[in-house]
1. Identify the residue in the range 133-150 that is assigned to a helix (DSSP H, G or I) and either among the acidic types (Asp, Glu) or touching a residue at least 60 places away in the same chain (Cβ under 8 Å) (or both) and, among all such residues, is surrounded by the fewest Cβ atoms within 10 Å (Cβ to Cβ).
2. What number of residues within the range 151-175 satisfy the criterion of being open to solvent by less than 80 Å² (accessible area, probe 1.4 Å), closer than 18 Å to LYS132 by Cα and polar (S, T, N, Q)?
3. List pairs: first in the range 228-245 and of a type in the set (S, T, N, Q), second in a helix (DSSP H, G or I), Cβ under 7 Å, 6+ apart or cross-chain?
4. Going residue by residue through the range 131-140, is there one that turns out to be over 21 Å from SER85 (Cα atoms), out of contact with any strand residue (DSSP E or B) (no Cβ under 6 Å at 6 or more places or on another chain) and of a type in the set (Lys, Arg)?
5. It is to be established whether one or more residues within the range 245-264 are more than 30 Å from GLY140 (Cβ to Cβ) and buried (at least 18 other Cβ atoms within 10 Å of the Cβ).
6. Could you identify the single residue in THR77, THR89 that is modelled with pLDDT of 95 or more, within 21 Å of ALA316 (Cα to Cα) and part of a helix (DSSP H, G or I)?
7. If you scan the range 349-372, which residues turn out to be in contact (Cβ under 8 Å) with a residue 60 or more places away in the chain and open to solvent by 40 Å² or more (accessible area, probe 1.4 Å)?
8. When you scan the range 273-319 for strands (runs of 3 or more DSSP E) that lie fully inside it, which ones turn up with 3 or more residues that are over 22 Å from GLU170 (Cβ atoms), touching a residue at least 12 places away in the same chain (Cβ under 8 Å) and not polar (S, T, N, Q)?
Amino acid sequence: MKSIYQFVLLLFVSFQVFGQENATDFQYSSPTKEKVDAKGILSFLDKVEASEHELHSLMILRRGKVIAEGWWEPYGTKLKHTMYSVSKTYTATAIGLAVNEGLISVEDKVIKFFPHSLPEKISDNLKNLQIKHLLTMSVGHAKDYTFSIVKTEDWASSFFAVPIVNQPGEQFVYNTIATYMLSAIVQKVSGQTLLEYLQPRLFKPLGIEEVDWEMSPQGINTGGYGLRVKTEDMAKLGQLFLQNGNWNGQQILPESWIKEARSLKILQNPEASKEDKANSDWLQGYGYQMWRSRHESYRADGAFGQYILILPKQEAVIVITSETSNLQALLSEVWNHILPAFDSEGNISDDLALQNRLENLSHKPTIGVENRLMEGLLDEKSIAIENNGRRIEYYFDFQGNNLEINSIEDQKSQNISSGKEVWVAGMTERKQPYLVSQAKNALNGLAPYKVFSSYHWEDFQTLVIEIKYIESPHTETIKFYFDGKKVNIETSSLANRGKSKVFQGILIE
């Protein structure tokens, strides 16, 4: 009986796997077939779902086959996701392609590409700055000046205006604006934006579609951030690197470039203790816009937990999109649970349990208290806020178990539709939370934003709106605290580093 049962299970799993193959460019297999114990992945899911980390998607590939994938509703397979600094690895890939085409060399001096953006006095350190120093975050700046530079009109000129206090190549300082300069160089030598340049050379061969990338005021792709691709597209780039630049028999990137990009070029902290290094994935060294990781791995890495983990020893790629403030803790859960599952004996029952789990992942809306009385009092009422001479109004319209909120600021109207303790899909012009929201042209052209929103009553005086911008990592929370006619409004998100903005308003009858 046991053998018959296992045979039926095997047929069922095989049918499920076969049914998925038409949904993606990848082949599918089961963990057991690829010598991975599904219990390790299940253990990982248990751990992260009981933690502070909010995962949005997970893909695990072994030997080029998908053995596990899942999206936490309301996130889904067809949605793009803001990459933050995962964008850097795509930018460096463009540099590798340009080197292969003979357009540039990594030893090229940076200043030669920007004769009209240079300061009057060019220091020796600036003269000696090479493309490879941009790639390895060893420009020589005292700190990362990105957040101030992106507020200016001309990012290249602002980059060159910053003193290079250390000799290029000597010291690692994380430097997102350096990646922007790589994007600008690609555009200078190719006559195309970074996105245009990559389309026929990387995106089309890999079947990556519907990509977008933010631009600077000069019409240059931001390079170090601003790319939006799907989870599967991240997995494709990871698999391309794992296969040393080869894709379906075509050499997309030279194997020599892959080896250079993933190899140790500079240490983040050469003085780090053995203990610190043993516990940190940020002290393993840096390559060409890629981080070295523990366990002989390397990765593309974006803020709030966007990861393409490449594990050559295990012949595996692990992709995660998420929103978390504890990046190391999330990576450690991968090493603690998923890594030991490789080359371990599994069984079909666990494969089925994992498949069922992955098909039913979700982020449940918060459940609050029943408060029909306040809903009746607020229905068709407005809140007025005076903030630095600007007036903002919120208009409430309760419709059964739905809430329509219309906000008006600078004569612009923005709507949010929320379900009562359920997610409601919608679109809004309200700008999503964003780590680089102060940049010139930030998020331009991306609205309206796809959102899922719900509302609940935290108590009898506190209305909470949760808005998930599902093509970004971020959730925005808006709380309305009612005290008679006085109202305090608090907005918060991890993109604001947990800092809340509080406004005072009055209820208009």
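1. PHE147
2. Here is the first cut: in the range 151-175, the ones open to solvent by less than 80 Å² (accessible area, probe 1.4 Å) are 152, 154-162, 164, 166, 168-169, 172-175.
Restricting the remaining residues to those that are closer than 18 Å to LYS132 by Cα gives 156, 159-160, 164, 166, 168-169, 172-175.
Pick out the ones that are also polar (S, T, N, Q) and you get 166, 175.
The total comes to 2.
3. So the pair list comes out as ASN244/GLU255; ASN244/ILE258.
4. Taking every residue of the range 131-140 in turn, none turns out to be over 21 Å from SER85 (Cα atoms), out of contact with any strand residue (DSSP E or B) (no Cβ under 6 Å at 6 or more places or on another chain) and of a type in the set (Lys, Arg).
5. Filtering the range 245-264 for residues more than 30 Å from GLY140 (Cβ to Cβ) gives 245-252, 255.
Next, only the ones that are buried (at least 18 other Cβ atoms within 10 Å of the Cβ) stay: 245, 252.
Within the range 245-264, one or more residues are more than 30 Å from GLY140 (Cβ to Cβ) and buried (at least 18 other Cβ atoms within 10 Å of the Cβ).
6. Working: THR77 fails: part of a helix (DSSP H, G or I).
That would be THR89, the only listed residue that is modelled with pLDDT of 95 or more, within 21 Å of ALA316 (Cα to Cα) and part of a helix (DSSP H, G or I).
7. Answer for the range 349-372, where residues must be in contact (Cβ under 8 Å) with a residue 60 or more places away in the chain and open to solvent by 40 Å² or more (accessible area, probe 1.4 Å): SER349, ALA353, ARG357, GLU359, THR366, ILE367, VAL369, GLU370.
8. Details: elements: 291-293, 297-302, 306-311.
The qualifying strands (runs of 3 or more DSSP E) are 297-302, 306-311.
The values are calculated or read from the model by the stated rules, or taken from the named source; none is laboratory data. The structure displayed is predicted, hence computed values, not measured ones. FYI the Cβ positions are ideal-geometry reconstructions off the backbone, even for glycines, and counts take in every protein chain you see. Just the protein is used for accessible areas: all its heavy atoms, side chains included, with ligands, DNA and RNA removed. Shrake-Rupley method; radii C 1.70, N 1.55, O 1.52, S 1.80 Å.
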